[in-house]
1. Pairs of Cα atoms under 8 Å, at least six residues apart: use those to get the relative contact order of region 73-132, whole percent.
2. More than 17 Å apart: what percent of Cα pairs in region 8-48 qualify?
3. Using θ = phi - 60° and the Karplus form 6.51 cos²θ - 1.76 cosθ + 1.60, what ³J(HN,Hα) does each residue of region 17-30 get, whole Hz, x for Gly and Pro?
4. Treat each spin label as a single point 7 Å out from the Cα along the C-beta direction, and report the residue 82 to residue 119 distance in nm.
Amino acid sequence: MDIPDELLCVFSAEVTEQQDSYRIEVPKNEVEVGDVTTDDVYRVALLASASNADTTSSTGSATQSSRSSDRGGPEPPVESGEQRTVDIEDIGEQGDGIARIERGYVVIVPDAEKGERVTIEIDDVTETVAFAEVVDRKEYYE
């Protein structure tokens, strides 16, 4: 999947019905610390989750996935101590490498350069981002 440079944020949300329309709520964090501002118009892309096919009822409303957290969102796709090979797609404001994995989940990787393929070990996991250390640097086509 190609991710355009104009992408401002990625998050998971439920589509809810409200009178004669449907609503997707933007997490407050995306407005407070992200690039989203109120009273602006944005394009929104909806991607089906892997669980949608199994949890959609005959009326078309999706039920919450059994893998969702108590807060209503999906669990992070990584765990502390897990190792993965990732591509560094961008450099953040602090100079750290940024990799994106399942569902656009962001992993911050210090001491990594844009375009590098590295094996990382996940140190810390939050609901929206994980932090990792480089354990090995790979040739891009390895």
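Every number in this text was worked out from the coordinates using simple rules, so none of it is lab data. Predicted, not measured: the structure shown is a model, and the values here were computed from it. Glycine gets a Cβ as well: all are built from the backbone with ideal geometry, and neighbour counts include every protein chain shown.
1. Relative contact order of region 73-132: 38 percent.
2. Looking at region 8-48, the distances longer than 17 Å represent 35 percent of pairs.
3. Residue by residue, region 17-30 yields 8, 9, 6, 9, 8, 10, 10, 10, 8, 8, x, 3, 4, 5 Hz.
4. 1.7 nm
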